[in-house]
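Structure first, commentary second.
The values are calculated or read from the model by the stated rules, or taken from the named source; none is laboratory data. This one's a predicted model, so the numbers in the text were calculated from it and none came from an experiment. Neighbour counts are summed over all protein chains in view; Cβ atoms, including those assigned to glycine, are modelled from backbone coordinates with ideal geometry.
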């Protein structure tokens with residue numbers, strides 16, 4: 001069986017993180033998110049994967065190539081315009097000559113779920129969709145079921161209620177392509193795969209499965225942090241780099257070749273320090289933290305529960321908590337990232353001019369690439385800084401700051 005992975009979208013709500021890379025290539029637990037998906041498919045016995053690319057698709061193709069490094073065969077399709085999920089799936093008609101697995105490139109998938117869906121399909125021979133139970137179905141669209149059969153798909157229910165929603169992982173029969181041809185344009189101006197499924201349901205049953213594992217749909221930056229925390233829970237210790245004397249390590253740590261932990265540093269795992277990165281002296285690293293290739297966390301700096309991309313410097317006397325820091329950034333001495341409101345309430349973030357709740361009690365900064373701060377700069381909780389931003393010495397910054405801005 002082949003798998004089709006939909007990875008063409010830009011991820012507009014991810015803000016500065018996707019300015020220079022597609023959303024599925026954002027790092028989670030030391031790897032691009034999409035790499036975790038490829039590994040899960042391989043473990044489930046799927047060794048032929050088709051990836052649908054679009055926005056910055058070359059980044060995906062350059063990373064995975066033909067897939068041989070991961071023990072799979074990877075082919076690529078390009079979606080020139082993002083016209084919805086049904087349009088995306090329909091582009092694979094010539095490549096998918098048999099029944100196939102299909103999944104969104106921004107959801108957590110486990111090999112056990114994939115294997116269970118394949119087993120279920122083999123038993124009943126009907127199309128399948130994964131479902132997830134959430135507290136508020138009005139944010140997503142509700143799926144009504146009877147046992148393990150989908151009865152109806154309600155696009156935008158008015159009532160806020162607990163219920164089942166589409167989990168973004170499907171097992172399709174070939175008749176999905178005929179349904180896609182008859183799928184109308186939605187009110188959002190897209191061709192929706194849920195409409196295609198409803199057309200199939202007029203003639204035959206569509207099954208459903210609710211996985212036990214936690215579900216995360218990476219639609220916003222803080223979702224990336226949650227996915228990162230989940231994947232880091234399975235971390236296995238692997239020390240390949242250099243550890244100087246008087247370093248204290250508690251918990252599971254991965255230290256890649258060429259990385260260095262300097263004297264006086266205290267680390268509480270789960271932590272990944274990638275190739276060429278330098279930590280210390282006298283640094284404090286804790287929580288689910290990833291420090292990217294050739295990045296540096298220097299003297300008397302603390303990093304907690306954060307994702308630090310490649311070639312970034314957090315050199316001395318800094319605090320970074322519950323944050324995502326882009327590549328090629330530099331924090332001036334004394335830069336502090338606040339990650340908690342005084343009332344301890346959920347932290348709001350301004351996305352596309354709209355203030356939305358992150359739902360997180362702790363959230364620091366979402367920082368794009370090539371951002372620099374001066375000494376003693378202060379960054380408020382829930383701040384988003386787009387690429388090229390310059391924050392002056394002693395300046396305080398909050399809200400969403402556009403690309404190339406200067407804050408004094």
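For the reader, a short list of remarks on this structure follows.
- Any hit, the stretch 233-240, residues being outside any helix (DSSP H, G or I), modelled with pLDDT under 95, in contact with a helix residue (DSSP H, G or I) (Cβ under 6 Å, 6 or more places away or on another chain) and surrounded by 14 or more Cβ atoms within 10 Å (Cβ to Cβ): no
- Strands (runs of 3 or more DSSP E) enclosed by the stretch 284-399 - at least 2 residues per element that are modelled with pLDDT under 95: 348-351, 354-357
- Residue match in the stretch 15-36 (condition: more than 13 Å from the chain's Cα centre (by Cα), more than 30 Å from residue 306 (Cα to Cα) and either not in a loop (DSSP other than H, G, I, E, B) or not assigned by TED's automatic domain parsing to the domain that holds residue 368 (or both)): no
- Looking across the stretch 377-389, the residues that are within 26 Å of the chain's Cα centre (by Cα) and surrounded by fewer than 20 Cβ atoms within 10 Å (Cβ to Cβ) come down to 380, 388.
- Which listed residue, of 105, 90, is closer than 26 Å to residue 182 by Cβ and within 21 Å of the chain's Cα centre (by Cα): 105
- Flag for residue 255 being under 30 Å from residue 142 (Cα atoms) and either without any contact (Cβ under 8 Å) to a residue 60 or more places away in the chain or buried (at least 19 other Cβ atoms within 10 Å of the Cβ) (or both): no
- Candidates 157, 245, filtered to the one that is outside the structural domain of residue 10 (by TED's automatic domain parsing) and part of a loop (DSSP other than H, G, I, E, B): 245
- Selected residue (only one of 300, 338 is outside the structural domain of residue 12 (by TED's automatic domain parsing) and on the phi > 0 side of the Ramachandran plot): 300
- Failed criterion for residue 144 (all others in (1) more than 22 Å from residue 5 (Cα to Cα); (2) part of a loop (DSSP other than H, G, I, E, B) hold): (2)
- Residue in the stretch 121-130 that is more than 23 Å from residue 46 (Cβ to Cβ), touching a strand residue (DSSP E or B) at 6+ places or on another chain (Cβ under 8 Å) and in contact (Cβ under 8 Å) with a residue 60 or more places away in the chain present: no
- Yes/no for residue 215 being outside any strand (DSSP E or B) and either over 19 Å from the mean Cα position of the chain (by Cα) or at pLDDT 90 or above (or both): no
- Test result for residue 88, in contact with a strand residue (DSSP E or B) (Cβ under 6 Å, 6 or more places away or on another chain), in contact (Cβ under 8 Å) with a residue 60 or more places away in the chain and in a helix (DSSP H, G or I): yes
- Single residue of the stretch 151-179 satisfying the filter (free of Cβ contacts under 8 Å to residues at least 60 places away in the same chain and under 11 Å from residue 129 (Cα atoms)) that is surrounded by the fewest Cβ atoms within 10 Å (Cβ to Cβ): 165
- None of 272, 249, 347 is within 23 Å of residue 226 (Cα to Cα) and free of Cβ contacts under 8 Å to residues at least 40 places away in the same chain except 347.
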